[in-house]
Amino acid sequence: MAEKVKAKIENSLTVLLVSDLEKSKIYYQDVVGCEVTDFWAVRDDFGLGFKLIQAEDINDIKPNKGTWNTYAYVENFQSLDALYEEFISNGAIIDSEPIISEFEWGSWKEFSIKDLDGYSIGFGSAKKE
C-alpha cells in the first residue's frame, strides 16, 4: 500500500465578523500593525492573519468567552515585550497584561489585546536560554 502524502499548510488566518468593517480595518492597520487590503489584515508575512467580514446582524458577532479568539506565538521574551510596547504605544485595548507561568519544561510569557468588537488576540513565547 502506498504511503499517504500530506499536503503542507503554509498559513492560516482567523475569520472575524465585525460590526464596522472600516473602523476594524483602521484598528488592525494602525494598532495591530497589519497590512490591510479589501480581503486581509495580515502581519509579518501571514504570521498573524485575519479575514474581516462585515456582519449583517450585530448579534452574529460572538467573541469567545473566557479565552482567545486567536493566538500567535512570538520568537522570544524580548520580542514579546517589544510587541507589547508597540501595542501600548499604538493605543491597543489591553485584555491581559504580560504574565509569566512556570512549567516543568520552562517559562511561558503571554498577554492579549482586544479589537473593537471584543475579539481577544493572545500572544505568547517560551523563554529561550
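Brief remarks on what is shown
- Counted residues, the stretch 47-81 - those being hydrophobic (A, V, I, L, M, F, W, C) and exposed (fewer than 13 other Cβ atoms within 10 Å of the Cβ): 1
- G66 of a type in the set (G, A, S), at pLDDT 95 or above and within 28 Å of E110 (Cα to Cα): no
- Residue ID - farthest from V31 (Cα to Cα), chosen from residues in the stretch 75-95 that are among the aliphatic types (A, V, I, L, M) and touching a Lys or Arg at 6+ places or on another chain (Cβ under 9 Å): L80
- In the stretch 5-36, the residues that are modelled with pLDDT of 95 or more and assigned to a loop (DSSP other than H, G, I, E, B): S19, D20, V31, V32, G33, C34
- Residues being assigned to a strand (DSSP E or B), of a type in the set (A, V, I, L, M, F, W, C) and without any contact (Cβ under 8 Å) to a residue 24 or more places away in the chain are entirely absent from the stretch 71-91.
- Scanning the stretch 94-129 for residues that are over 12 Å from the mean Cα position of the chain (by Cα) and touching a residue at least 60 places away in the same chain (Cβ under 8 Å) yields L116, D117.
- In the stretch 104-129, the residues that are of a type outside the set (D, E) and surrounded by fewer than 12 Cβ atoms within 10 Å (Cβ to Cβ): W105, G106, K128
- Filtering the stretch 82-98 to residues that are of a type in the set (A, V, I, L, M, F, W, C) and buried (at least 17 other Cβ atoms within 10 Å of the Cβ) leaves L83, F87, A92.
- Output for the stretch 45-63, where each listed residue is under 17 Å from E10 (Cβ atoms) and at pLDDT 95 or above: L48, G49, F50, K51
- Just one of (1) surrounded by 14 or more Cβ atoms within 10 Å (Cβ to Cβ); (2) part of a strand (DSSP E or B) fails for S101. It is (1).
- Conditions (1) in contact (Cβ under 8 Å) with a residue 60 or more places away in the chain; (2) closer than 13 Å to K114 by Cα; number of the one not met by D30: (2)
- Residue under evaluation Y71, criteria (1) touching a Ser or Thr at 6+ places or on another chain (Cβ under 8 Å); (2) under 14 Å from L13 (Cβ atoms), criterion not met: (1)
The values are calculated or read from the model by the stated rules, or taken from the named source; none is laboratory data. Not measured: the values here are computed from a predicted model. Every residue, glycine as well, gets a Cβ built from its backbone with ideal geometry; the counts of neighbours run over all protein chains shown.
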